[in-house]
Amino acid sequence: MGADGAGYTVFLDRDGVINRDSPDYVTSWDQFVFLPGSLEAIVRLTRAGMAVMLITNQSAVGRGMMDVATLEDMHRNLRQAVERQGGRIDAVFYCPHHPDEGCDCRKPKPGLILEARRQYNLDLAASTMIGDSARDIECGIRAGCGRTILVRTGLHDAQAQLTTKGLHPDRVAADLAAAVDWLLGTMGKTP
């Protein structure tokens, strides 16, 4: 991490934030389509000196729709695509379990973020969770992230779901690029 954002971590959900989500799941790199501006947004976070970590539910593994090797290959390709643009994804944490398994790592449970904190000795108060679903925002809140940002590029009306639960993100943004604009602006960095 660079000096400007040293110690600050941004957790990103994957499907619906970085790439186009699908009701049929994204189960291969061929199906992975970057959302407009998402690569550039990750590059801007990297240049601001922030750590970027992926926090993603991938139940397609637990559902038998893809194997762990395919998922990890997708994440390797994602990281390489980001690096080619001058950015970096510092770590990837994923839940491969079926929703019925009752694991501690499936969002909205905070297990993935807490594991990232443990592995990297993170100050979660100096972090932001950016996601497109109610479970992403709830996960960030439950983990103790300093900020949560909901992006509107997902498949569901997450804002209504959050309101029903009495939860509110710190910001609602059109997409990842707009979320990064706001985040860097609040930190006094040039967006």
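The values are calculated or read from the model by the stated rules, or taken from the named source; none is laboratory data. Nothing here was measured: the structure is a model prediction, and the numbers come from that model. In this analysis, Cβ positions are derived from the backbone assuming ideal geometry, glycine residues included, and neighbour counts consider all displayed protein chains.
Close Cβ contacts (under 6 Å, 6 or more residues apart or on different chains) running from residues in the stretch 62-88 that are closer than 23 Å to P23 by Cβ to residues that are assigned to a loop (DSSP other than H, G, I, E, B) and aromatic (F, W, Y) comprise M65/Y25.
When R63, R20, R14 are checked against the criterion of being farther than 18 Å from N77 by Cα and at pLDDT 95 or above, a single residue qualifies: R63. Taken over the stretch 133-161, the criterion of being modelled with pLDDT of 95 or more, among the aliphatic types (A, V, I, L, M) and more than 18 Å from A116 (Cα to Cα) is satisfied by A134, I149, L150, V151.
Yes or no, residue by residue, for (1) in contact with a strand residue (DSSP E or B) (Cβ under 9 Å, 6 or more places away or on another chain); (2) within 18 Å of Y120 (Cα to Cα):
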residue	(1), (2)
Y8	yes, yes
L12	yes, yes
I18	yes, no
V26	yes, no
G37	no, no
M50	yes, yes
A69	no, no
R84	no, no
H98	no, no
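Can you name every residue in the stretch 94-103 that is surrounded by fewer than 18 Cβ atoms within 10 Å (Cβ to Cβ), out of contact with any His (no Cβ under 8 Å at 6 or more places or on another chain) and on the phi < 0 side of the Ramachandran plot? Please lay out each step first, then the result.
If we filter the stretch 94-103 for residues that are surrounded by fewer than 18 Cβ atoms within 10 Å (Cβ to Cβ), which is where we start, we get 98-103.
Restricting the remaining residues to those that are out of contact with any His (no Cβ under 8 Å at 6 or more places or on another chain) gives 98-102.
Scanning the stretch 94-103 gives H98, P99, D100, E101.
Please go through the stretch 7-34 and give me each residue that is part of a loop (DSSP other than H, G, I, E, B), in contact (Cβ under 8 Å) with a residue 40 or more places away in the chain and over 18 Å from D136 (Cα atoms), ordered by number. Across the stretch 7-34, the qualifying residues are G7, Y8, T27, S28, F32. When the stretch 71-110 is filtered for residues that are within 12 Å of N57 (Cβ to Cβ), part of a helix (DSSP H, G or I) and under 14 Å from the mean Cα position of the chain (by Cα), nothing remains.
Just to check your reading of the model, which residue among R14, R47, R63, R20 is charged (D, E, K, R) and farther than 24 Å from P108 by Cα? Don't jump to the end; show me each part of the working.
Details: R14 fails: farther than 24 Å from P108 by Cα; R63 fails: farther than 24 Å from P108 by Cα; R20 fails: farther than 24 Å from P108 by Cα.
It is R47.
Of all positions in the stretch 167-189, at least one carries a residue that is hydroxyl-bearing (S, T, Y) and within 20 Å of R47 (Cβ to Cβ).
The residue list R106, R76, R47 contains one member that is of a type in the set (K, R), on the phi < 0 side of the Ramachandran plot, crowded, with 19+ Cβ neighbours inside 10 Å and at pLDDT 95 or above, which is R106.
Of the residues making up the stretch 129-142, those that are assigned to a helix (DSSP H, G or I), of a type outside the set (D, E, K, R) and surrounded by 24 or more Cβ atoms within 10 Å (Cβ to Cβ) are A134, I137, C139, G140.
Looking at the structure I just gave you, is E115 surrounded by fewer than 20 Cβ atoms within 10 Å (Cβ to Cβ), touching a Cys at 6+ places or on another chain (Cβ under 9 Å) and either outside any loop (DSSP other than H, G, I, E, B) or not hydrophobic (A, V, I, L, M, F, W, C) (or both)?
Values: surrounded by fewer than 20 Cβ atoms within 10 Å (Cβ to Cβ): yes; touching a Cys at 6+ places or on another chain (Cβ under 9 Å): yes; either outside any loop (DSSP other than H, G, I, E, B) or not hydrophobic (A, V, I, L, M, F, W, C) (or both): yes.
Taking the combined requirement at face value, the residue satisfies it.
Can you find even one residue in the stretch 176-190 that is at negative phi, in a loop (DSSP other than H, G, I, E, B) and within 18 Å of the chain's Cα centre (by Cα)?
There is no residue in the stretch 176-190 that is at negative phi, in a loop (DSSP other than H, G, I, E, B) and within 18 Å of the chain's Cα centre (by Cα).
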